[in-house]
Amino acid sequence: MEKLQTEAQFEELKQKGKHVFMFSADWCPDCRIIEPFLPELEEAYQDITFLYVDRDQFIDLCVNHDIFGIPSFLAFNQGEEVDRFVSKDRKTREEIESFLNKVREA
C-alpha cells in the first residue's frame with residue numbers, strides 16, 4: 001500500500017478516481033491485526049486505489065475529516081466522499097470487505 005506523502009497529494013488524489021485512505025499508526029495494535037490481509041484486499045479490489053495515511057504525521061488531516069479512531073477508512077470517488085468506516089473499534093476483515101463493497105458500488 002502506497003504511503004501518503006503530503007496533504008497536497010491527498011487533495012489531488014481524492015479528486016480523481018476511486019481512493020480509500022486508511023488512517024493508521026505504527027503503534028496501533030488494532031491496525032497491526034488487519035495488516036496481514038490488506039494485500040489480499042488490494043488485490044481483490046483493484047478498481048480502488050488504497051493509500052496509507054500515518055495518523056501522527058497527518059493529524060490535521062485527521063481532525064479536518066473527523067478521524068479520531070484508528071484504523072479508519074475514508075473513501076472518495078472523483079472528489080466526493082462516498083463512504084467512511086471510522087471508529088475506535090477493532091475492524092474485522094468482513095467489516096472492511098463490506099465497506100469496500102459499498103465503495104465499489106459508489
Practice prompt. Working only within the stretch 37-55, note down all residues that are loosely packed, with under 14 Cβ neighbours inside 10 Å and aliphatic (A, V, I, L, M).
Written response: Ala44
Item to complete: Look through Pro71, Pro36 and report the one residue that is farther than 22 Å from Lys16 by Cβ and under 12 Å from the mean Cα position of the chain (by Cα).
Response: Pro71
Practice prompt. Taking Pro71 as meeting all but one of (1) under 20 Å from Glu2 (Cβ atoms); (2) loosely packed, with under 13 Cβ neighbours inside 10 Å; (3) not hydrophobic (A, V, I, L, M, F, W, C), write down the number of the exception.
Written response: (2)
Discussion item. Restricting to the stretch 26-36, give me the number of residues that are surrounded by 14 or more Cβ atoms within 10 Å (Cβ to Cβ) and in contact with a helix residue (DSSP H, G or I) (Cβ under 9 Å, 6 or more places away or on another chain).
Written reply: 1
Worksheet item: What strands (runs of 3 or more DSSP E) completely inside the chain contain at least 1 residues that are in contact with a His (Cβ under 6 Å, 6 or more places away or on another chain) and either at pLDDT 95 or above or of a type in the set (Phe, Trp, Tyr) (or both)?
Response: 49-54, 72-77
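When the stretch 8-43 is examined, which residues are found to be among the acidic types (Asp, Glu) and over 13 Å from Asp56 (Cα atoms)?
Across the stretch 8-43, the qualifying residues are Glu11, Glu12, Asp30, Glu35, Glu40, Glu42, Glu43.
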Worksheet item: From the list Ile59, Ile34, which one is without any contact (Cβ under 8 Å) to a residue 12 or more places away in the chain, among the aliphatic types (A, V, I, L, M) and at negative phi?
Response: Ile59
Worksheet item: Tell me, which residue of the stretch 39-68 that is within 18 Å of Phe99 (Cα to Cα) and of a type in the set (Asp, Glu) is nearest to the chain's Cα centre (by Cα)?
Response: Glu42
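The values are calculated or read from the model by the stated rules, or taken from the named source; none is laboratory data. Owing to the predicted nature of the structure, the values given are computational and were not obtained by experimental measurement. Cβ coordinates were reconstructed from backbone atoms using ideal geometry, including for glycine residues, and neighbour counts include every protein chain displayed.
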